[in-house]
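J.: This is the structure, below, for whatever I ask next.
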Amino acid sequence: PPAYAVAYAGDEFIVVLPEWEQSQALKKAYEIRSRLENTPYVLSEGIVVHLQASYGVATYPHDARDLNGLVAAADQALFSIKKSGNGGVGRFQEPSSFQPGRDKKIVPAKIPPHFAMQLYPL
């Protein structure tokens, strides 16, 4: 605490790390990635499965000045990692072609309770 994660947009999660610097957030993303990849998940048939995920990191106010911009910056970092292959961690870097107001997800100023399907302690 006060860090937490919420389910967002289907198979995506947002991890909120209040007052954390970008380097700390990146370290936490690598830690979560390692824990996920190194945890065996066993299916009922006795098959061991290992999971992987991609992570996009953006911080306030370094990468955005509001919630919409922050989610858009994290999405951009995430999709950049997905283009280079899944399972990586990336931080937001403003590309030279980035145009504010374009390609941003519109997110309410406060994430409504129905988006917070379950809180995940970190």
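The values are calculated or read from the model by the stated rules, or taken from the named source; none is laboratory data. Nothing here was measured: the structure is a model prediction, and the numbers come from that model. What goes into the accessible areas is simple: the full protein's heavy atoms, side chains included, and nothing from ligands, DNA or RNA. Shrake-Rupley method; radii C 1.70, N 1.55, O 1.52, S 1.80 Å.
J.: At what distance in angstrom do the alpha carbon centres of the range 69-96 and the range 25-58 lie from each other?
T.: 18 Å
J.: Residue by residue, what Karplus-based ³J(HN,Hα) values in Hz, rounded to whole numbers, does the range 59-73 have, using 6.51, -1.76 and 1.60 with θ = phi - 60° and x for Gly and Pro?
T.: 3J(HN,Hα) across the range 59-73, in whole Hz: 10, 9, x, 4, 9, 7, 10, 8, 4, 4, x, 5, 5, 5, 5.
J.: Right, next: Considering just Cα atoms, how many Å³ per residue does the convex hull of the range 1-63 enclose?
T.: For the range 1-63, the hull spanned by Cα atoms encloses 105 Å³ per residue.
J.: A further question follows. Tell me, in nm to one decimal, what length is gained between residue 44 and residue 84 on full extension, where the rule is 0.36 nm per residue of separation less the Cα-Cα distance?
T.: Full extension of this stretch gives 11.1 nm more.
J.: Please list 83, 27 in order of solvent-accessible area, largest first, computed with a 1.4 Å probe with all protein chains present.
T.: Result, largest first: 83, 27.
J.: Which whole-Hz couplings ³J(HN,Hα) result when phi for each residue of the range 27-44 is put into the Karplus expression 6.51 cos²θ - 1.76 cosθ + 1.60, θ = phi - 60°, listed in order with x for Gly and Pro?
T.: 4, 5, 4, 5, 5, 4, 4, 4, 5, 5, 5, 9, 9, x, 10, 9, 7, 4
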